[in-house]
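What follows is a set of notes on a single structure, which appears directly below.
The values are calculated or read from the model by the stated rules, or taken from the named source; none is laboratory data. Just so it is clear, the model here is predicted, and its values are computed rather than measured. With ideal geometry, Cβ positions are generated from the backbone for all residues, glycine too; neighbour counts draw on all protein chains shown.
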Amino acid sequence: MKFFTTFCCATLFLLLLCGNVLANNNIEFLDKDLIQDLNHGIYEVVTPKLEDDKITYARKLPFDKLDYVERNEKYRSIGTAFFINEKELMTAEHVFGLRYFSLNKDFFIRDSSSRVYSVNTIRKCSTRRDMLVFDLKEYPEKITPLHFNRQVEIGDTVFSAGNALGEGISYRAGQVASFTPERVYGEWQDIRFSSPASPGNSGGPLLNTAGEVAGVIVQRSNLGENYNVAVPISEADNLGDTADFYTRNVTERIQGTVASLTKDWGYTASLPATAPELARQARNELRAFHGTLRKELHEQVREKNFPDGKRFRYYLRNQSVIHGLAEVTPDISFRKWTVDQEDLEKEPLAEGQNVYHGTLRSQINRFRRPDSDYFDMLVIAEKPKGTDLKMFLDSPSMILDTVLSAVPYFRYVGWERVPITSLGKPEKTEMWRDKLGRRWTASLWYLQYSDKFLYSSCLPSPKGAVCTIMSTRASCSQGITLPLPENHATNWWLAMRAV
């Protein structure tokens, strides 16, 4: 009996194994000659790597520790594009990211021989469909425009073609898994597919076995599964003659409170236009929309919120003595206000000069990797002995250099981190006064190597300056303008016992 059971199990296992082998043998692959033709129609999208000679470091940057390609690469790969006719290419709109501020202003396509071709103008653009069409200033000698196939079914073999992980164009097989309604209004059915998609595949074509475009790859699964998203190529027929910008659920909040306001934003712009020109229009409109939301939100809570709230001053007067820095926050009804003391660390620099620093309370719960190069803190920076106070306060670079000498801010190169000793002079500096008449100095620095900003807002103190200093990705900033939004400053009660 045992022998019979064992024999049956072994036979079943062999049958299943043979079935899998037969199934694998039935997978269709792209023909080698077809791939060679497709390589003349599918390209990387790249931007130049940026550096800033104003930044100084504690030691020489160890670029020799990087892999060969990374240390010799002059461009940063950001996505994929493909020719749809002899003069125009298509990609995903988010590859260019025109709504969001970036220090990268120049876009190129790159072929397999590493030759680059500069983008000329944007011809069509839709953020809702995540599609963008552009032309070039000059063209490759040989071009293979890709053909469209608007008919695709569940179970069809498809290939994700594109610049996976920034390592050149590759083709990976899978199947159409399902169709799901687009997220906002359900106007079309997005294609869900099992072909692998990696960073860099965005904007690339989803191909059928004939090398025809079924969709534009716009999103990979965040769950570690091959359940990725492509917009059907049929939606290219609905791209208009104007750029269509749309952002869902734009939200403004008052720091330290539960008050918030959320609305959708939309904007149309004339085409054709250059990428920097179109980006400037979209960013200005989105920034203005944020300002309108912020103003509307402040008006809604003006009679309750700092500094106009009727009960705010009563509760502030009844707090215990404040040492160092503190945050003033209301309860959900804005009727009771409390002061939360910030515990600051002291870093002695020289005789009579110290820097006190602590993490911004609003940033404590934000996810940060151990090797994160974000900088979010409250500081009291005392001027060097013998330095005139006014000269110190009028020099944002001197204030920041003082902070950096006490609290390291690192640039990561491979596995090594190198302290930054100075960011040099800020790109922008402006002075303004808040509702309490306090004079703020707001400054902005560019970190071009990482497409980030670092900005500070400082108040004068008897021994130096009291500042909030924060860094953020340029794409998250909505294009910071100075002076910084007033709620960034007035909701932090930078109180010192000596003032």
K105 vs (1) in a strand (DSSP E or B); (2) closer than 30 Å to K425 by Cα: all pass except (1)
Restricting to region 88-107, name every residue that is within 19 Å of N39 (Cβ to Cβ) and either surrounded by fewer than 19 Cβ atoms within 10 Å (Cβ to Cβ) or polar (S, T, N, Q) (or both).
E88, T91
Residues that are crowded, with 18+ Cβ neighbours inside 10 Å, farther than 21 Å from R99 by Cα and in contact with a Leu (Cβ under 8 Å, 6 or more places away or on another chain): does region 234-251 have at least one?
no
Answer residue from region 430-447, given it is surrounded by fewer than 17 Cβ atoms within 10 Å (Cβ to Cβ), touching a residue at least 12 places away in the same chain (Cβ under 8 Å) and not aliphatic (A, V, I, L, M) and is nearest to D64 (Cα to Cα) among those
E430
Of the criteria (1) part of a loop (DSSP other than H, G, I, E, B); (2) within 14 Å of F82 (Cβ to Cβ), which one E153 fails
(2)
Counting only residues that are within 23 Å of the chain's Cα centre (by Cα) and assigned to a loop (DSSP other than H, G, I, E, B), which one in region 210-224 is surrounded by the most Cβ atoms within 10 Å (Cβ to Cβ)?
R220
Is it the case that region 380-391 has a residue that's within 20 Å of S450 (Cα to Cα), basic (K, R) and either in the same structural domain as A350 (by TED's automatic domain parsing) or in a strand (DSSP E or B) (or both)?
no
What is the number of the single condition among (1) within 28 Å of M377 (Cβ to Cβ); (2) modelled with pLDDT under 80 that K304 does not meet?
(1)
Within region 31-67, how many residues are closer than 29 Å to A173 by Cβ and outside any loop (DSSP other than H, G, I, E, B)?
12
Somewhere in region 432-442, is a residue of a type outside the set (G, A, S), touching a strand residue (DSSP E or B) at 6+ places or on another chain (Cβ under 8 Å) and farther than 30 Å from P307 by Cα?
no
All but one of (1) in contact (Cβ under 8 Å) with a residue 12 or more places away in the chain; (2) not in a helix (DSSP H, G or I) hold for S113; which doesn't?
(1)
Take region 238-286 and flag every residue that is of a type in the set (K, R) and either within 17 Å of V119 (Cβ to Cβ) or in a helix (DSSP H, G or I) (or both).
R280, R283
